[in-house]
Amino acid sequence: MPQKYQTYQKKEFVRPYTIHPAWRGIGCIMMVLVPIMAWAAAMVAIEIGLTQGWPFMYELRGTVRLPEILYSLPLIKEIAGFISSIPNLRAFLLFFVLFLIVFSGILSVIYAVIYRMFGPPRYTPLDAPPPKVKAKRYTR
């Protein structure tokens, strides 16, 4: 091998800024907190809806009945029995998913606003300046 290829070493990429560990901590807390909040909100919404007489669809109410084969398998029998014992499971899952989407959307917007205020600058000295375009008025 020629000498010029033996001395080449790839330089390691180094970011010009570092991310504060608090931002990672906030993301981790959001991953745990949002499903817990959605679960609690779904439980409360189902209870309030049933006591106030909200018109739930018939398919959402009652217990779930799984295929009979699941009740005959030894290990899955206990899990299927537990799932079948939960009242209004379909309504709970529907509300859980809806609240999960809403809460994660709201917290993501709040997180983005806070990150924009305190995060690294949008443009660095390495970015190109925005183009200066003077548009002429077009006449026929």
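The values are calculated or read from the model by the stated rules, or taken from the named source; none is laboratory data. Everything numeric in this text was worked out from a predicted model, so none of it was measured. We place every Cβ from the backbone using ideal geometry, glycine too, and count neighbours over all the protein chains shown.
Checking the condition closer than 30 Å to residue 125 by Cβ, exposed (fewer than 14 other Cβ atoms within 10 Å of the Cβ) and modelled with pLDDT of 80 or more, which residue from 25, 62, 81 passes?
Details: 62 fails: closer than 30 Å to residue 125 by Cβ; 81 fails: closer than 30 Å to residue 125 by Cβ.
Every option except 25 fails the conditions.
On inspection, residue 44 qualifies as surrounded by 12 or more Cβ atoms within 10 Å (Cβ to Cβ), more than 30 Å from residue 24 (Cβ to Cβ) and either touching a strand residue (DSSP E or B) at 6+ places or on another chain (Cβ under 6 Å) or not hydroxyl-bearing (Ser, Thr, Tyr) (or both).
Examine region 66-76 for a residue that is modelled with pLDDT under 90, surrounded by 10 or more Cβ atoms within 10 Å (Cβ to Cβ), of a type outside the set (Lys, Arg) and touching a Lys or Arg at 6+ places or on another chain (Cβ under 9 Å), and state whether such a residue exists.
Start the filter on region 66-76 by keeping residues that are modelled with pLDDT under 90, which leaves 66-76.
Among the residues that remain, those that are also surrounded by 10 or more Cβ atoms within 10 Å (Cβ to Cβ) are: 66, 70-73, 76.
When the remaining residues are screened for being of a type outside the set (Lys, Arg), the result is 66, 70-73, 76.
If we keep only those that are touching a Lys or Arg at 6+ places or on another chain (Cβ under 9 Å) too, we end up with 70-71.
Among the residues of region 66-76, at least one is modelled with pLDDT under 90, surrounded by 10 or more Cβ atoms within 10 Å (Cβ to Cβ), of a type outside the set (Lys, Arg) and touching a Lys or Arg at 6+ places or on another chain (Cβ under 9 Å), which makes the answer yes.
Restricted to region 90-136, and to residues there that are closer than 21 Å to residue 25 by Cα and of a type in the set (Ser, Thr, Tyr), the residue that is surrounded by the most Cβ atoms within 10 Å (Cβ to Cβ) is 104. Please indicate, with yes or no, whether at least one residue in region 58-76 is within 30 Å of residue 20 (Cβ to Cβ) and not basic (Lys, Arg). Within region 58-76, not a single residue is within 30 Å of residue 20 (Cβ to Cβ) and not basic (Lys, Arg).
As a summary of the residue check, residue 15 satisfies the conditions (1) over 30 Å from residue 111 (Cα atoms); (2) at pLDDT below 85 except for the one numbered (1).
Taking every residue in region 104-124 that is in a helix (DSSP H, G or I) and pairing it with any residue that is surrounded by fewer than 12 Cβ atoms within 10 Å (Cβ to Cβ), at least 6 positions away or on another chain, the pairs with Cβ-Cβ distances below 9 Å are 111/27; 116/122.
If you go through region 63-117 and keep only what is closer than 21 Å to residue 46 by Cβ, among the small types (Gly, Ala, Ser) and in contact with a helix residue (DSSP H, G or I) (Cβ under 6 Å, 6 or more places away or on another chain), you end up with 91, 104.
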